[in-house]
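Shown next, in structure tokens, is the structure this report addresses.
The values are calculated or read from the model by the stated rules, or taken from the named source; none is laboratory data. Source: prediction; values computed, not measured. FYI the Cβ positions are ideal-geometry reconstructions off the backbone, even for glycines, and counts take in every protein chain you see.
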Amino acid sequence: MLEIVRTSSENLDFVFLVKHLDNYLKVMDGEEHDFYNQFNNIDVLKNTLVIYLDKKPVGCGAFKEYNSKSVEIKRMFTLPETRQKGVASKILTALEDWAKDLNYSSSILETGIRQVEAVQFYKKKGYKIIPNYGQYKDVENSICFKKELIDNEKGQ
């Protein structure tokens, strides 16, 4: 049974999962890891999720305000043994729903071009490639995405 818990970055299960994420990214990002890592302090994240499968933490995600209308999705991760089971989709949808609850109309995110599965996942979930923003502007390994969370024609 899956359970999604809205929490904060102080949640020990969230911290546990982020350590696994950071270990994974050290390998994937290689020499660029230190650059990316400086933008991933979890103490600034107030809106985090942990997803549990049979009471075991198996995935996490978070967002932070980017501007008054947008959030930036951060720290998305699913344990390798629970991938391909819809966990990441549930996390992302729950984050998007939470952002909508707080009246944000879009979400943005950055991932590395070497994270091929992540790039395909975000495209599948309706995210569109945008020009790299902020600290990722001139970073060749970064790819940035945006998704409208509220249908402007319907106001939903």
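Here's a check for you: in the stretch 37-58, which residue that is surrounded by fewer than 18 Cβ atoms within 10 Å (Cβ to Cβ) and assigned to a strand (DSSP E or B) is nearest to the chain's Cα centre (by Cα)? Among those that are surrounded by fewer than 18 Cβ atoms within 10 Å (Cβ to Cβ) and assigned to a strand (DSSP E or B), it is Tyr52. Apart from one condition, Val87 fits all of (1) within 10 Å of the chain's Cα centre (by Cα); (2) over 13 Å from Cys144 (Cβ atoms); the exception is (1). Among the residues of the stretch 1-18, those identified as loosely packed, with under 13 Cβ neighbours inside 10 Å and either under 16 Å from Leu92 (Cα atoms) or at pLDDT below 90 (or both) are Met1, Glu3.
Of (1) touching a strand residue (DSSP E or B) at 6+ places or on another chain (Cβ under 9 Å); (2) of a type in the set (Gly, Ala, Ser); (3) surrounded by fewer than 16 Cβ atoms within 10 Å (Cβ to Cβ), Gly112 satisfies all except one. Which? The failed condition is (3).
Given the criteria within 28 Å of Phe16 (Cα to Cα), more than 13 Å from the chain's Cα centre (by Cα), modelled with pLDDT of 95 or more and not in a strand (DSSP E or B), does Lys100 qualify? So Lys100 fits the description; yes. For the stretch 59-108, the set of residues classified as surrounded by 22 or more Cβ atoms within 10 Å (Cβ to Cβ), free of Cβ contacts under 8 Å to residues at least 40 places away in the same chain and not polar (S, T, N, Q) consists of Gly61, Val71, Ile73, Lys74, Ala88, Leu92, listed by residue number. Of all residues in the stretch 118-139, exactly one satisfies the criterion of being touching a residue at least 60 places away in the same chain (Cβ under 8 Å) and part of a helix (DSSP H, G or I), namely Gln135.
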